[in-house]
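Student: Sharing a structure, written as structure tokens. Questions coming.
Quick note: the coordinates plus some simple rules give every number you see, no bench work behind them. Model, not experiment: these values are computed from the prediction. As a convention, Cβ positions derive from the backbone with ideal geometry for all residues, glycine included, and neighbour counts pool all protein chains shown.
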Amino acid sequence: MNHLILFVTLSLMPCCATFTVRAQIPPDYRGKPFADTYHKAGPPGIPGIVQCALYDLGGEGVAYHDTDSTNNGSGKLNLEPGHQKAHASAYIWHFRKDEGVDLSFVKDGADLSHTNLVSPHINQLYIGWTENGEWCNYTVNVAHPGAYRIKALYSFQTNTVTFDLNGKPVATCRLPVPTVNYHQWNFATIGTIQFREAGPQLLTFHYGKGNNFAYFEFEPVEAIPVVKP
């Protein structure tokens with residue numbers, strides 16, 4: 001009976017049917033995509049933008065690794081009244097203040113009172129106080145497999161950063177142009193990455209000392225074909 005059912009099922013399938021292999025988050029991963037009152041859209045899509053401050057939920061050793069447990073921006077510097085800028089809000093001042101990743105935001109004085117190679121938006125959240133060996137995880141949803149350019153909004157030194165995909169190294173990138181200091185910004189292509197499958201995947205960003213990072217934009221190297229209905 002089982003063989004008969006299988007035969008009938010297969011015989012009814014179109015002869016040209018195809019199957020799309022979709023990637024999966026590693027089954028032992030305990031982190032979750034970031035979400036809160038303001039961020040409800042789920043994992044960021046690729047192609048698209050991955051905001052550095054919106055790393056996964058799960059804590060130290062799961063969603064991120066930081067060299068100390070203090071958030072030196074949201075949980076320290078931005079507790080000072082002089083850094084609680086009126087153009088922001090308490091939500092921005094103290095964003096994820098109880099987690100170890102060091103976060104702050106673009107301020108009118110420190111970041112926008114001078115010429116930048118590329119100026120960020122005011123209140124843009126970013127990872128700062130970076131140290132060697134630190135990393136963050138991002139659950140992403142890849143719409144189309146293929147090669148993608150990685151563009152970064154960053155500041156300061158021309159360091160190398162790397163990306164893992166589902167636990168395996170996939171991209172080594174170089175910040176191409178130095179800026180004067182941590183509060184002068186640039187936006188530029190830093191390398192490429194290959195997503196071999198569509199679907200939800202775990203992207204790990206490894207970084208070191210000497211930069212601030214705001215976001216990454218993943219842009220297809222080749223035009224994505226339009227599928228007509």
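Student: Please tell me if residue 216 is within 18 Å of residue 63 (Cβ to Cβ), in contact with a Cys (Cβ under 6 Å, 6 or more places away or on another chain) and not in a loop (DSSP other than H, G, I, E, B).
Tutor: Here the answer is no, as residue 216 does not meet what is asked.
Student: Considering only the range 149-167, state which residues are more than 23 Å from residue 125 (Cβ to Cβ) and not in a loop (DSSP other than H, G, I, E, B).
Tutor: 160, 165 - these are the residues of the range 149-167 that are more than 23 Å from residue 125 (Cβ to Cβ) and not in a loop (DSSP other than H, G, I, E, B).
Student: Does residue 170 satisfy the criteria of being closer than 22 Å to residue 125 by Cβ and touching a residue at least 24 places away in the same chain (Cβ under 8 Å)?
Tutor: Here the answer is no, as residue 170 does not meet what is asked.
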